[in-house]
Amino acid sequence: MDIKIIEEAVEAIKKGGVIVYPTDTCYGIGCDATNPLAIEKIFRIKGREKDKPLPLIASSIEMIEKYVIMDERAKKLYAKFPGISVAMRKKGLEIPDSVNREKLAFRIPANEISKKLSEISGKPLISTSANKSGDPSPYSIIEVKSSLKDSLIYIDYFIDSGTLGKNPPSTIVDLVEGKVGRIGAVSEEQILNFLGGRL
């Protein structure tokens, strides 16, 4: 991992820019999750509907706790299933309602680059797939640029890590509604068994 590249990307993030970077699954597009104008750019770049919530990454549980009401179940899930996403009730106004009004789904990435971006910037980041809404997930920068060809001028920085392995998406456990929102690398059965049969 080239720290200079990370620092340049963080500089773009701090200036309200949008970056493309590798995640645990595919290439993601992101920005400072507390910057409403940068978030607006991501909706525009992707052609994403405004009522679709955006997923987030953070470098640590301590960072996540600043933005949501976290209970012990969430901490246990993060420890047991690295890379899992957990939706919790939002607190404070730092993360705009355009991300989600009532709850936020956070993941602590296993991918070192995405984790460092959040850690060094000191901010949670938007982490959604770097493609036009409806297009296949991109596993190379070539695929990103092909899908987003009409919006490339709005992207401030690209981190190219070559072709990524096609890993399943993260499982989303919604602790607000008491359900598994999306099945990914971890099955619903594994979640329920771990939490004693119920959410």
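The values are calculated or read from the model by the stated rules, or taken from the named source; none is laboratory data. Note that the structure is a prediction, hence the values are computed from the model and not measured. Virtual Cβ from ideal backbone geometry, glycine too; neighbours counted across all protein chains shown.
On the basis of being of a type in the set (A, V, I, L, M, F, W, C), at pLDDT 95 or above and within 18 Å of I159 (Cβ to Cβ), does A105 make the cut? Here the answer is no, as A105 does not meet what is asked.
Give the residues of segment 8-26 that are surrounded by fewer than 17 Cβ atoms within 10 Å (Cβ to Cβ) and more than 26 Å from G165 (Cβ to Cβ), sorted by residue number.
Step one: of segment 8-26, the residues surrounded by fewer than 17 Cβ atoms within 10 Å (Cβ to Cβ) are 8, 11, 14-16.
E11, K14, K15, G16, listed by residue number.
Condition test on I120, is it under 23 Å from M63 (Cβ atoms), buried (at least 18 other Cβ atoms within 10 Å of the Cβ) and at pLDDT 95 or above? Spelling it out, it is not the case that I120 is under 23 Å from M63 (Cβ atoms), buried (at least 18 other Cβ atoms within 10 Å of the Cβ) and at pLDDT 95 or above. T163 meets each of the listed conditions (1) under 18 Å from the mean Cα position of the chain (by Cα); (2) within 21 Å of A185 (Cβ to Cβ); (3) among the hydroxyl-bearing types (S, T, Y) apart from (1).
Restricting attention to segment 167-178, report how many residues are surrounded by 14 or more Cβ atoms within 10 Å (Cβ to Cβ) and either without any contact (Cβ under 8 Å) to a residue 24 or more places away in the chain or more than 22 Å from S137 (Cβ to Cβ) (or both). Can you show your working first?
First, pick out the residues of segment 167-178 that are surrounded by 14 or more Cβ atoms within 10 Å (Cβ to Cβ): 167, 169-176.
Filter again for either without any contact (Cβ under 8 Å) to a residue 24 or more places away in the chain or more than 22 Å from S137 (Cβ to Cβ) (or both), leaving 175-176.
The number of residues fulfilling the criteria is 2.
For segment 53-69, give me each residue that is surrounded by fewer than 20 Cβ atoms within 10 Å (Cβ to Cβ) and either touching a residue at least 12 places away in the same chain (Cβ under 8 Å) or within 17 Å of T25 (Cβ to Cβ) (or both). Show your work before the answer.
Applying the first criterion (surrounded by fewer than 20 Cβ atoms within 10 Å (Cβ to Cβ)) to segment 53-69 yields 53, 60-63, 65-66, 69.
Correct list: P53, S60, I61, M63, K66, I69.
List the number of the failed condition for E102; all other conditions in (1) within 15 Å of V20 (Cα to Cα); (2) surrounded by fewer than 20 Cβ atoms within 10 Å (Cβ to Cβ); (3) of a type outside the set (S, T, Y) hold. The one condition E102 does not meet is (1).
Restricting attention to segment 84-96 and to residues that are buried (at least 21 other Cβ atoms within 10 Å of the Cβ) and out of contact with any helix residue (DSSP H, G or I) (no Cβ under 8 Å at 6 or more places or on another chain), the residue that is nearest to S127 (Cα to Cα) turns out to be S85.
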